[in-house]
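FYI, it's all coordinate maths here, none of it is from the lab. As the structure is a computational prediction, the values presented were derived from the model and not from experiment. Don't worry about glycine lacking a Cβ; one is built from the backbone with ideal geometry, like all the others, and counts go over all protein chains shown.
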Amino acid sequence: MKNDGNPLVRYAVSINGIVQGVGFRPYIYNRAVEFGVKGFVKNAGSGVVIDAEAPRQALKSFIKEMVQAPPPLSQIEKISIRRQEVQNFNDFKILESQESDQILSFIPKDTAVCEKCLKDISDESSRWFGYAFTNCTDCGPRYSILKKLPYDRCNTSMDSFVMCEACSAEYNEPSSRRFHAQPVCCPECGPQLQLLNNLKQELRGTAVIKKAVQLLKAGCILAVKGIGGFHLMCDAQNAQAIEALRSRKRRPDKPLAVMAKDMAAVEKLCEVDDAEAKLLQSPASPIVLMNRKHDCPLPKQIAPDSSKLGIMLPYTPLHHLLFKEGMNWLVATSGNKSGLPIEYQNDEALKHLSDTADYFLLHNRDINIPIDDSVFKVFRGQKQVSRAARGYSPLSFNMGAVHQLVALGAEQKASVCLSKGGYAYMSQYMGDIKNPKAYQTYKKVIDNLIMLTKTSPCAYVHDLHPDYLSTRYAMEQSMRKIGVQHHFAHMSACMAENRLSGMAIGVIYDGTGIGIDGKVWGGEFLVGNLEGFERAGQLSYMKLQGGDKAVEQPWRTAVSYMSQAGIKDWGIFKNINEYALETVQEALEAGLNCHETSSMGRLFDCVSAMLGLSHSISYDAQAAIMLENIADYGINGSYDYDIYYTGKCLQIDFRRLLEGILRDIRKGRKAGEIAGLFHNTAASFTAEAVEAISRQYGIRNVVLSGGCFENSLLLGLILDRLECKDFQVYFHKLVPCNDGGVSFGQLAAADSMLRR
Ligand code: ZN
Ligand code: ZN
Ligand code: FE
C-alpha cells in the first residue's frame with residue numbers, strides 16, 4: 001500500500017554477542033527512525049531480535065550501519081537474517097523482554113565515563129555540570145552495583161535513589177543517550193559526595209572536590225571511594241606523602257599505581273606505544289604497566305624495584321573532577337592495609353583505614369561486589385592481562401563447555417570460574433583468601449555468579465592442595481568434586497584460551513603448587529591435552545629448608561640450593577649473620593623442616609639472593625621482579641647446566657648454573673650481566689628440554705604458563721628460541737598466566753574429563 005515504486009521488504013534479524021545492557025536497543029531504535037525502518041527490537045535469549053520492514057535500499061543501509069558502527073560497548077559475534085512476509089508495521093517499537101527471555105552470555109561490566117558525559121560535567125549549562133556520578137548507556141558502574149538479573153535499576157544499588165522528573169523523562173525517551181540507562185541520575189536525585197576527616201567529622205562549607213584537592217596538594221592522604229572500592233590517594237610528586245603512605249599501609253616496596261590526568265601526563269612518565277595508549281583509553285580503563293622514562297618527574301619511591309610504572313587514566317567523573325584543579329598525577333593504590341582485601345563499604349573503610357588516610361572522600365552509592373583495578377601490559381603489540389578485575393571481569397568466554405561447573409581456583413590470587421550454556425565466566429581477582437575478609441568476598445562472588453548466570457553446577461572443581469581454602473570450600477559441597485593438578489590447570493588455561501584441543505607440551509614455570517607425587521612442583525614440562533597429562537620433564541628436585549620462611553627470605557633458598565650444589569661460599573651474603581647461615585645448613589643436613597621442590601620461582605629467588613638483590617621480600621615475586629629489572633637485555637652467552645633422564649622424566653639439573661654464577665660473582669662481574677646470562681640460560685635449557693620431549697612424543701605445539709611468565713624478558717627469550725625452531729608457541733593474553741587464571745584452566749580440564 002505504501003511506497004508504490006519501492007516495495008517493502010521484511011527481515012527477521014537476530015544478533016548474538018555483547019548486545020544486552022550496552023544501549024543496543026535504543027541505538028537500533030534511533031537508526032530505524034533515521035532510515036525509515038518499521039517493526040520492533042527486543043532482547044531475546046543471549047541476543048537481540050529485530051523485526052525490520054522498509055524499502056530494500058533503506059533496509060540494506062540500516063543493517064550495514066548496524067554492523068559497521070554499533071554502540072561502543074557492544075560486540076557482535078553472530079548475525080543471521082531471514083526474509084519474512086511483509087506485515088505493514090506502523091512504527092518502530094522497543095518491546096519489553098520477559099525475565100525468562102534473558103540468558104546472559106555476558107554480565108555487564110563497569111565502564112569508564114564516556115566523552116559525552118565528560119562534556120556534560122564540564123558544561124556549565126548542563127544539569128550534570130560538576131556532578132561526580134554522571135553516566136549514560138555507554139558508561140558507568142554495572143557489575144559492581146548489580147545485585148541480581150535482569151539488569152534493571154531495582155536490582156542495583158541505585159534502587160534507593162528515586163529518579164527526578166527530568167531523569168525519568170530521559171530514561172523513558174528512546175532517542176536519549178540515557179534511555180534505559182539503569183544508574184541514570186543527577187545532582188537533584190542521585191548519590192552525593194561527603195568529605196570526612198579520620199575522626200568521622202564532616203568538612204562543610206567549601207565545595208567538597210575543591211577542598212579534597214587542596215588537601216591532596218598539601219600532602220594529605222585521602223581514601224577515595226570509586227567504582228569497585230576505595231583508593232588511597234596522594235600527590236604522586238610528593239615524596240614525603242608517598243613515604244607516609246608506604247609506612248602507614250605497611251607496604252615498603254611494592255609498586256604503587258599512578259593515576260595520570262590525561263595522555264599528555266602519561267607520556268611525561270613513560271614510553272607509550274600505540275597499543276598501550278589504546279589500552280589506557282579503552283572502556284575498561286585498566287592499569288597498564290609501561291617502561292618509565294629516564295627523566296620521569298615522579299620520585300623513585302613509587303616503584304623502587306622496577307623500571308616499569310603502573311598507570312591508569314581517570315575513569316569516573318569524580319576522578320576527572322579531582323584533576324580539574326591543576327594536578328597531573330595522583331598515587332591511586334588499592335584502599336587496604338597490606339595483605340587485606342580492598343575496602344568497599346563506608347563504615348568498614350572508616351574503621352580500617354582511619355590510621356592510614358587523613359581524610360575520606362565518600363559517597364552514598366553502595367558497592368555490592370568489591371573489584372580492584374585491572375592490570376595489563378603490552379607484550380609485542382598484544383595486550384596481556386595480569387590482574388583481571390574492574391572493567392574486564394567477569395570475563396565471558398565461549399569455551400564450548402558442555403557441563404555446568406564451578407571451578408574454585410587456587411588460593412593466593414583467587415578467582416573462580418563457572419560454565420553455563422557453552423560459556424565460561426571467570427570472576428575477578430580476589431587476592432589471598434587465607435584472609436577471612438577476602439574469603440567472605442570469595443564466597444559472595446561464587447553465590448553472586450551462580451545467581452547471575454543461573455548455573456546449577458553438576459560438580460565443583462578444585463586444586464589438589466588439601467589445605468587451600470578453595471579446596472576446603474569444595475569439600476563442604478554435597479555435590480560431585482573433581483580435583484585438577486595445579487600446573488595442569490595452568491596448562492589447560494593456556495590451551496583453552498588459545499582454543500587448542502590437541503596434544504601439546506606445556507612449559508609451566510611457577511612458584512608453588514602441589515604435584516601428584518605430593519611434592520611441591522613449579523618447573524614442569526607436561527605433555528597432554530585437556531583430558532589429562534603426563535609429566536615429561538622437570539627442574540630436578542632440590543631440598544628446600546624453611547618452608548614459608550624460605551619464600552619470604554630468598555637467601556634461605558640460596559643457602560639450601562648452594563649447599564646441594566657443593567658451593568658453600570657464604571661470603572656473598574654480607575647482610576646475613578653467620579649464626580642464621582649455620583642454622584639453615586644444619587637444619588638442611590638434619591633434614592629438619594625440609595621439602596623437595598622443582599619450582600622455577602624458587603630458582604629465581606635463589607639467583608636474586610645470590611646477587612644480593614633481595615635477602616627478604618615484602619611482596620609476591622619481588623625477588624624475580626628485581627632480577628628481571630636489572631638484567632642486561634643485550635648480553636650473549638649462558639651458563640652450563642645438565643639434562644638427563646630419570647626413568648621417562650627429563651631432568652634439568654641446574655647445579656652447574658649456580659657454580660657459574662658464583663664464579664662470576666667472585667670475579668666481580670656486573671650483577672646486570674649475570675642476571676642477563678641467567679635469563680639466557682633458563683631459555684636455553686627450556687628450549688633444549690622442549691626439543692627432546694618433542695622428539696620423544698612427536699608434538700610441535702607448546703604452551704607457556706605459570707606465574708614466572710609475567711617476566712616479559714623470560715617469555716620473550718623462550719618464545720624466540722622455540723619459534724626459530726619452528727614450534728607453534730602459545731602464551732596467555734586473555735587469562736592471567738599466574739594463579740588468577742587457575743580457575744579457568746580447572747574448568748576447561750574438568751569439562752573435558754567429564755566429556756570423555
Ligand atoms: Zn556516558
Ligand atoms: Zn535526576
Ligand atoms: Fe601457580
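Here is the size of the range 399-529 from its Cα atoms: Rg then Dmax, 14.5, 41 Å. Helix 208-217 and the longest principal axis of the Cα set of the chain meet at an angle near 20°.
Relative to the longest principal axis of the Cα atoms of the chain, helix 554-564 runs at roughly 40 degrees. Most simply put, the range 193-375 has about 80% antiparallel DSSP beta bridges, counting only bridges with both residues inside it. Cross-link pairs exceeding 19 Å in C-alpha to C-alpha distance, out of LYS337/LYS437; LYS574/LYS670; LYS109/LYS254; LYS225/LYS249, comprise LYS109/LYS254. Cα axis of helix 742-755 to longest principal axis of the chain: angle in degrees, 0 to 90, nearest 10? Its long axis makes an angle of about 80 degrees. In this structure, the amide hydrogen of SER386, modeled 1.01 Å from its nitrogen in the peptide plane, lies closer than 5 angstrom to those of VAL375, PHE376, LYS377, counting only residues at least 5 positions away or on a different chain. Rounded to the nearest 0.05, the FRET efficiency derived from the C-beta distance between GLU589 and CYS154 at R0 = 60 Å is 0.35.
Among the listed pairs LYS148/LYS420; LYS119/LYS293; LYS413/LYS519; LYS351/LYS444; LYS211/LYS351, those with a Cα-Cα distance over 27 Å are LYS119/LYS293.
When the Cα gyration tensor is reduced to axis lengths a ≥ b ≥ c, the ratio a/c is 1.5 or higher for the range 443-589, and with a/b above b/c it is classed as prolate.
For the range 531-572, the set of trypsin sites (Lys or Arg not before Pro) satisfying both a DSSP loop assignment and a count of at most 12 other C-beta atoms within 10 Å is given as LYS568.
Each Cα pair under 8 Å and six or more residues apart adds its separation to the average, and for the range 8-94 the resulting relative contact order is 49 percent. Dividing the C-alpha radius of gyration of the range 108-191 by 2.2 N^0.38 Å, with N its residue count, gives 1.01.
Fewest-first ordering of ILE209, ILE652 by other beta carbons within 10 Å of each residue's beta carbon gives ILE209, ILE652. Approximating the spin labels as points 7 Å out from Cα along Cα→Cβ, the GLN240-to-LYS443 distance works out to 4.6 nm. For an R0 of 60 angstrom, estimate the FRET efficiency from the Cβ-Cβ distance between TYR645 and ARG248 and round to the nearest 0.05. E between TYR645 and ARG248, to the nearest 0.05, is 0.65.
Considering the range 193-375 at the alpha-carbon level, its Rg and Dmax are found to be 15.3, 46 Å. As an equivalent ellipsoid, the range 154-203 spans semi-axes of 29, 11, 8 angstrom, where each value is the square root of five times an eigenvalue of the C-alpha gyration tensor, largest first.
R0 = 22 Å: FRET efficiency of ASP91 with ASN172, Cβ-based, nearest 0.05?
So the FRET efficiency works out to roughly 0.85.
Amide H contacts under 5 Å for TYR730: VAL702, VAL703, LEU704, restricted to partners 5 or more places along the chain or on a different chain, H placed in the peptide plane at 1.01 Å from N. When only Cα pairs below 8 angstrom with a gap of at least 6 residues are kept, the chain shows a relative contact order of 11 percent.
Taken over the alpha carbons of the chain as equal point scatterers, the Debye sum produces base-10 log I(q)/I(0) values at 0.06, 0.11 Å⁻¹ of -0.40, -1.24. Computed 3J(HN,Hα) for the range 123-139, one whole-Hz value per residue from the Karplus formula 6.51 cos²θ - 1.76 cosθ + 1.60 where θ = phi - 60°, is 9, 4, 8, 7, 6, 9, 3, x, 8, 6, 10, 5, 7, 8, 4, 8, 7, glycine and proline marked x. In terms of the Cα gyration tensor, with a ≥ b ≥ c the square roots of its eigenvalues, is the range 458-537 rounded because a/c is under 1.5, prolate because a/b exceeds b/c, or oblate? Oblate, since a/c reaches 1.5 and b/c is not below a/b.
Each residue, ARG695 and LYS147, gets one label point 7 Å from its Cα in the Cβ direction; the gap between the two is 6.5 nm. One Cα centroid belongs to the range 281-349, the other to the range 1-75; the line between them spans 41 Å. Our summary gives the range 608-708 a relative contact order of 27 percent, counting only alpha carbon pairs under 8 angstrom and 6 or more residues apart. Note on the range 538-730: semi-axes of the ellipsoid equivalent to its C-alpha gyration tensor, largest first and rounded to whole Å, are 28, 19, 15. Amide H to amide H, with H built 1.01 Å from N, ARG480 comes under 5 Å of TYR460, counting only residues 5 or more places away or on other chains.
What the phi angles of the range 331-346 give under the Karplus curve with 6.51, -1.76 and 1.60, with θ = phi - 60°, is a coupling list of 5, 9, 9, 3, x, 7, 7, 3, x, 9, x, 4, 6, 9, 10, 3 Hz, glycine and proline written as x. As a proxy for reagent exposure, ranking HIS403, HIS679 by other Cβ atoms within 10 Å from fewest up yields HIS403, HIS679.
For a label point 7 Å from the Cα of LYS725 along Cα→C-beta, name the residues of the range 585-617 whose backbone N is under 15 Å from it. Under cut-off, by backbone N: nothing. With q set to 0.30, 0.32 Å⁻¹, the log10 of I(q)/I(0) for the range 702-756, from the Debye formula over equal scatterers at the Cα positions, is -1.13, -1.20.
Sorted ascending by nearby beta carbons within 10 Å, beginning with the fewest, ILE221, ILE567 become ILE567, ILE221. Rounded to the nearest whole Hz, the Karplus-based 3J(HN,Hα) values (6.51 cos²θ - 1.76 cosθ + 1.60, θ = phi - 60°) of the range 265-279 follow the sequence 5, 5, 5, 6, 9, 9, 6, 10, 8, 4, 5, 5, 4, 5, 5, with x at glycine and proline.
Pairs of Lys residues in the range 8-94 are counted when their Cα atoms are under 17 angstrom apart and they lie 8 or more places apart or on different chains; the count is 6.
Using only alpha-carbon positions in the range 11-99, the gyration tensor eigenvalues give semi-axes of 19, 14, 12 Å once each is multiplied by 5 and square-rooted (largest first).
Scanning the chain for GluC sites (Glu not before Pro) that sit in a DSSP loop and have at most 16 other Cβ atoms within 10 Å, the longest stretch containing none of them is 532-756.
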